[in-house]
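Each value in this text was obtained by applying a stated rule to the coordinates, not by laboratory testing. Owing to the predicted nature of the structure, the values given are computational and were not obtained by experimental measurement. Backbone-built Cβ (ideal geometry, glycine too); neighbour counts: all protein chains shown.
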Amino acid sequence: MTYLRSLFLNFLIVFFVARVMPGIHIKFYENVPNIGADILFSAALGFLNSIIVPTLVAMEVKITNLKIAIIGFLISYISFIIISIVDFGITANILGILIGGSLVWIFSFFTNYLELKHLKK
């Protein structure tokens, strides 16, 4: 799996979670200047989740599935906690944090696992 494919898939899952999952509410575009908050959030979180394996490769550390899982867990849940605290056009309650963070984390692990398998070939 190439990096761009991983980035695109991570963006799509975050966008889907932000739009469909219960506990996550997107405010109207009038509250966010020039761009929708869901697109901005999806792009930022999708980018962060897609660079886990390339960053570990650049740091020249031994990459394990556990490291990928822990880093993806931290990025996913901390991002959803931040949107529940900071109001910038998208908000999440505890249900949104748990469901959204879990789905994004699982998908992030999956895409980074495939990226790692592609790099090992």
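A few points about this structure:
- Positive-end residue, the chain charge dipole about Cα centroid, Cβ charges, pick of ILE51, LEU95, LEU74: ILE51
- Correct option for percent of Cα pairs over 25 Å apart [calculated from the coordinates] among (i) 32; (ii) 23; (iii) 18: (ii)
- Normalised contact order of region 3-120, rounded percent, pairs of Cα under 8 Å and 6 or more residues apart: 37
- Candidate lysines for bridging to LYS117, where Cα separation is under 30 Å - those fewer than 8 sequence places away on the same chain excluded: LYS62, LYS67
- Helix runs (DSSP H) in the chain reaching 27 Å along axis by Cα, Kyte-Doolittle at least -1.0: 65-85, 94-120
- Distance between modelled label sites at ARG19 and ILE70, nm, 7 Å Cα→Cβ extension: 3.6
- A Förster radius of 22 Å, combined with the Cβ-Cβ distance separating PHE8 from ILE85, puts the computed FRET efficiency at roughly 0.20.
- Here region 51-121 is described by how far its Cα atoms reach on the three principal axes: 42, 20, 18 Å, from widest to narrowest.
- Ellipticity at 222 nm from helices only: DSSP H runs of n ≥ 4 in the chain, each -39500 (n - 2.57), divided by the residue count, give -24000 deg cm²/dmol.
- With R₀ set to 22 Å, the beta-carbon distance separating VAL61 from LYS120 gives a calculated FRET efficiency near 0.90.
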